[in-house]
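Some notes on the structure that comes next.
The values are calculated or read from the model by the stated rules, or taken from the named source; none is laboratory data. Here the structure is a predicted model, which is why all the values come from computation and not from measurement. With ideal geometry, Cβ positions are generated from the backbone for all residues, glycine too; neighbour counts draw on all protein chains shown.
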Amino acid sequence: MSGFEIAGIVLGSIPLPISAIEHYSDSLDRATAFFKWKDGLNSALREFWYQHSSFELTLRNILKDVANPPEIEQMIRDPHHELWKSQELSQALQEMLKFAYRPYISTIKDMHACMKRLVSHLYIDRDAGTADDLEAIMKANKRLPSAGGLVRFDFKRAVRSTMKRKDVRILLEDMKACNNRLDEFINKSEVPSNNSMTGSTVEKLGLSSSLQQIQNYATMLHQTLGKAWSCSAHASHEIRLLLEDRVIRRSEPRPHKKVKPSSRPPCSTITHKSPMSSALWKSAKIEIIDSDQR
């Protein structure tokens, strides 16, 4: 694997050794756990999950400019999805990152090496016909169905580990360094050149970025609500979100000029879909009025 597809393998493999370590932790008696880990295993697990979340957010951040939200969700859920190997997507990333693309891929390979170091300390099943160690454990240990929350895997035998506290600490530091480096590549690639753009261009780019963020957040909110709202009475619930700009933008007042305060009360609007018609949306406007204004 020499291209961006390695990112999918890394993302899909991280939860598996973490879940294996959790199984290993549960199998230890308290005396052994304290003697060997000094209560540091639980904190290490939390840090592993944090680095996994950080890596996922980093990938979401870079993919938002080259893929649409449904495609991103498909890639995040399936580490072997064909989009990870897409030449068009890889070309778009190269055009966006320019000369930083190769160091970016190299850093993901460093993260891949970190995960191989982690699984090398774990005695879990591996697929004999798969060369890559991370792909081998992903094929041999099936992911359990989960409606949300932490990812779990089906381990056919008790998990054993040879990892020591020092190994864990160094590994977590290396993973954190990789995530920080990936974030730096993205942040620096998004900084436009002030000398080559006018003020209106910068303003348009800022607005476009804000709208893209709102779209991504709305997608994540919709999916979270869809997973959280479940009950035995109904097989599924229907959720719709309608986003509208309700912000009143005013120009900055000129200096040394008295500005008359606005007499309009603060207000907000709630919009929801009518249960009677699939094409009808209803709005309710809420205004906050002081008692002395009545």
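Go through the residues of the range 55-67 one by one and say whether even a single one is surrounded by fewer than 14 Cβ atoms within 10 Å (Cβ to Cβ), in a helix (DSSP H, G or I) and free of Cβ contacts under 8 Å to residues at least 40 places away in the same chain. Within the range 55-67, one or more residues are surrounded by fewer than 14 Cβ atoms within 10 Å (Cβ to Cβ), in a helix (DSSP H, G or I) and free of Cβ contacts under 8 Å to residues at least 40 places away in the same chain. Among all residue pairs at least 6 apart or on different chains, which show Cβ distances below 6 Å where the first residue, located in the range 122-140, is without any contact (Cβ under 8 Å) to a residue 24 or more places away in the chain and the second is assigned to a loop (DSSP other than H, G, I, E, B)? As it stands, the answer is 136/126; 136/127; 136/130; 139/127; 139/130; 140/125; 140/126; 140/127, since those pairs meet every condition given. Could you tell me whether any residue of the range 191-204 is of a type in the set (Lys, Arg), over 16 Å from residue 14 (Cβ atoms) and modelled with pLDDT under 75? Yes, the conditions are met somewhere in the range 191-204. How about the range 85-150: which helices (runs of 4 or more DSSP H) wholly inside it have at least 2 residues that are closer than 25 Å to residue 181 by Cβ and of a type in the set (Asp, Glu)? In the range 85-150, 133-140 are the helices (runs of 4 or more DSSP H) which contain 2 or more residues that are closer than 25 Å to residue 181 by Cβ and of a type in the set (Asp, Glu).
Does residue 48 meet the test of being of a type in the set (Phe, Trp, Tyr), modelled with pLDDT under 90 and either buried (at least 18 other Cβ atoms within 10 Å of the Cβ) or part of a helix (DSSP H, G or I) (or both)? It is true that residue 48 is of a type in the set (Phe, Trp, Tyr), modelled with pLDDT under 90 and either buried (at least 18 other Cβ atoms within 10 Å of the Cβ) or part of a helix (DSSP H, G or I) (or both). Selection of the range 74-84 for residues being assigned to a helix (DSSP H, G or I) and crowded, with 17+ Cβ neighbours inside 10 Å yields 75, 83, 84. Residue pairs whose Cβ atoms lie under 7 Å apart, sitting 6 or more positions apart in sequence or on different chains, and linking a residue in the range 165-188 that is closer than 15 Å to residue 56 by Cα and touching a residue at least 60 places away in the same chain (Cβ under 8 Å) to a partner that is acidic (Asp, Glu) and in a helix (DSSP H, G or I), are 178/110.
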